[in-house]
1. Which number comes out as Rg/Rh for the range 2-97 once both Rg and the Kirkwood Rh are worked out on C-alpha atoms?
2. What does DSSP give for the range 2-97 in terms of the percent of beta bridges that are antiparallel, rounded to the nearest 5?
3. Looking only at the range 13-44, which residues have a backbone nitrogen under 11 Å from a spot 7 Å from the Cα of Y60 in the C-beta direction?
4. Compute the signed sum of charges (Lys and Arg +1, Asp and Glu -1) over the other residues within less than 14 Å, Cβ to Cβ, of N33.
5. Mind giving me the nanometre distance, one decimal, between the label points for K87 and A49, set 7 Å out from Cα along Cα→Cβ?
Amino acid sequence: MRFYETLYLLPPDLSQEDYNAVLDKFNGTIEKNGGVIIRVDEWGKKDLAYQVRKFDKGFYVLLQYCGPPGITFLLERDLRLDDRVMKYQTIKLRDKADPEQLKKELAPEETEEEKGISEDSGAQEEVAEKTQKGA
């Protein structure tokens, strides 16, 4: 299997139900065609560098998945035909990849980021306590 990454952009005025339907549709397309979803990373609503379809903001979704060589053609066809998708881009990251190994590799990154966030908040609490004692 090959390891791919697809980033697609959705309009900012999309309802939560439509947003979830779009995610489910493209995840289903991958699974239906013999692919394995490694990670779906929703970046949320971000500013765009330039206007796309008269919008200056959009929802970014990063989809990492493994699949046979023709899976990107099928996914991009669905992305192109769906009016709710403003832009998309697919990149092949590896020719030969094991989905289970990739899930294990990507899982520690998330836990390290979460640890970093909790350590930062703990440090902020210590600073707040010190300033209260000093005041």
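FYI, it's all coordinate maths here, none of it is from the lab. Small disclaimer: the values here were computed from a predicted structure and weren't measured. Cβ coordinates were reconstructed from backbone atoms using ideal geometry, including for glycine residues, and neighbour counts include every protein chain displayed.
1. Here Rg/Rh amounts to 0.97.
2. If we restrict to bridges inside the range 2-97, about 100 percent are antiparallel.
3. Within reach of a label on Y60, which here means backbone N under 11 Å from a point 7 Å along Cα→Cβ, the range 13-44 contributes 42-44.
4. Local net charge: +1.
5. That separation, rounded to one decimal, is 0.7 nm.
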